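Before any comments, here is the structure.
Every number in this text was worked out from the coordinates using simple rules, so none of it is lab data. These figures come from a predicted structure and were not determined experimentally. Note that each Cβ is placed from the backbone with ideal geometry, even for glycine, and that neighbours are counted across all protein chains shown.
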Amino acid sequence: MKRVLVKVPASTANLGPGFDTLGMALSLYAWIEMSPAKETTFRLHGEQMQGLPTDKTNLLYKVAQLVFKEAGVQMPELHIEMYSEIPLTRGLGSSASAIVGSLVAANALIGSPLSEDKLFQIATSLEGHPDNVGASLFGGIVVSAWDGEQADYVRLAPHPKLETLVAIPAFQLSTEKARHALPSQVSMADAVFNVGRSSLLVAALASGELGLIRHAMRDRLHQPYRAALIPGMTAILECAADNGALGAALSGAGPTLIAFVEADSPRKAELERFLVETLQREGVSAETMWLKPSVSGTEVRVEETNADSVNDGTTLMSRIKGEVVQ
Ligand code: HSE
């Protein structure tokens, strides 16, 4: 019997101007375990997983079956376990981590017939944009473009001094709702503004010129339209750099806000206070977390077991004990 355990990082998408294009993996993780079984069963660990489907309508199960179909393999019954530190519907790529984790686990279970690039293509079309899935799959900073059929990408190594502070508001915001807030057309001036900022940001991140992030992490394509959904966001984006950040952005579709920081900055406590108090003034309570870029993307462990996973008396939680940090 084979059992596959996949560890997959959270991600922040857009990084301000790189709407649907830039993503960075973060040091917050989800674990997905998959093994063949006599009948399909699930163990979803942790409070936030409660209420998710535990039958064949489960996203993890459906994504795994896509892999088997693509590879021409039959494996209709699975035992699936999952634990996630990544808060759901907050803009930290929880759905991308589930899609990527399940694709990689299912592929490893059948001997990895699909290439990493193929998994990226499938993940991008399932998610509808490549930014979160690319970061979760490859780790680091991923610059990608998708034309609806083909996704191309380049992975950049994050600067070793780069760290982030996320402020996660205590309310959920679906990507669908946050995308509905966007206009269907933008002006040439705004498009040119974003091409400039996004290009500058990629160059700054690639060359390690962290001081440029302040000017590069500005956006006119999505953040201004989403501001109404996230009280306090505009003030944070405008003033974070004056309060100790290298720059700040809405993380993905929000509501989480992310500030980029130099790891050895003496102003980290000041920045944290600024974020929390700015949100508080708008009546929004938020949890903060210091996260590093996750240099690794998805990590896979394949194990041969004697017993079947459902009945061997152990669970995923005992196998990842010591790795779970949050
Ligand atoms: N690029 C996407 C958006 C990310 O901003 O809608 C969603 O997670």
| task | Return the single residue from 137, 201, 291 with maximal mean-square fluctuation; model: Gaussian network over the chain, springs between Cα atoms under 10 Å. | result | 291
| query | Over segment 162-291, one equal point on each Cα, no solvent: what is log10 I(q)/I(0) by the Debye formula at q = 0.22 Å⁻¹? | reply | -1.35
| Inter-part distance where segment 103-127 and segment 1-57 are each reduced to a Cα centre, Å | 14
| If Lys and Arg each add +1 and Asp and Glu each add -1, what is the summed charge of the other residues whose beta carbon sits under 12 Å from the beta carbon of residue 302? | -1
| field | Convex hull volume per residue in cubic angstrom - Cα atoms of segment 284-326 | value | 149
| query | Mind listing P(r) for segment 237-314? All alpha-carbon pairs, 10 Å bins, whole percents. | reply | 14, 37, 17, 12, 15, 5
| Per DSSP, loop GluC sites (Glu not before Pro) in segment 124-170 with at most 15 further Cβ within 10 Å | 149
| task | Mind checking which lysines have their Cα closer than 24 Å to the Cα of residue 2? Skip sequence neighbours fewer than 8 apart in that chain. | result | 38, 56, 62, 69, 118, 321
| Ratio of Rg to Rh for segment 91-138, alpha carbon only, Kirkwood? | 0.95
| message | I need the calculated FRET efficiency for the pair residue 206 and residue 186, taking r as the beta carbon distance and R₀ as 25 Å, to the nearest 0.05. | response | 0.45
| field | Candidate aspartates and glutamates - alpha carbon under 12 Å from residue 161, same-chain residues fewer than 8 apart omitted | value | 209, 262, 264
| residue 21 long-range amide H proximity, modeled H, under 5 Å | 14
| request: Determine ³J(HN,Hα), in whole Hz, for all residues of segment 292-305 in sequence, where each value follows from phi through the Karplus function 6.51 cos²θ - 1.76 cosθ + 1.60 and θ = phi - 60°; x replaces Gly and Pro. | output: 9, x, 8, 5, 8, x, 5, 10, 10, 10, 10, 10, 8, 10
| message | I'd like the projected area of the chain, averaged over all directions, using the convex hull of its alpha carbons. Report it in nm² with one decimal. | response | 16.3
| Considering only DSSP states other than H, G, I, E and B, which trypsin sites (Lys or Arg not before Pro) in segment 51-126 qualify as loop sites with at most 16 other Cβ atoms within 10 Å? | 56
| So what is log10(I(q)/I(0)) for segment 1-42 at q = 0.15, 0.17, 0.22 1/Å, when the Debye sum runs over its Cα atoms only? | -0.56, -0.62, -0.75
| note | Bounding extents of segment 35-162 in its principal axis frame from Cα atoms, largest first in Å, are 45, 36, 26
| Once the other residues with Cβ under 14 Å from the Cβ of residue 192 are scored (Lys, Arg +1; Asp, Glu -1), what is the net sum? | +1
| field | Dimensionless Rg over Rh [segment 195-256; C-alpha; Kirkwood] | value | 0.97
| said: As a footprinting exposure proxy, order 162, 205 by other Cβ within 10 Å, with the fewest listed first. | reply: 162, 205
| note | Amide H neighbours of residue 181 at under 5 Å, excluding residues fewer than 5 places away on the same chain, with H built from the backbone geometry, are none
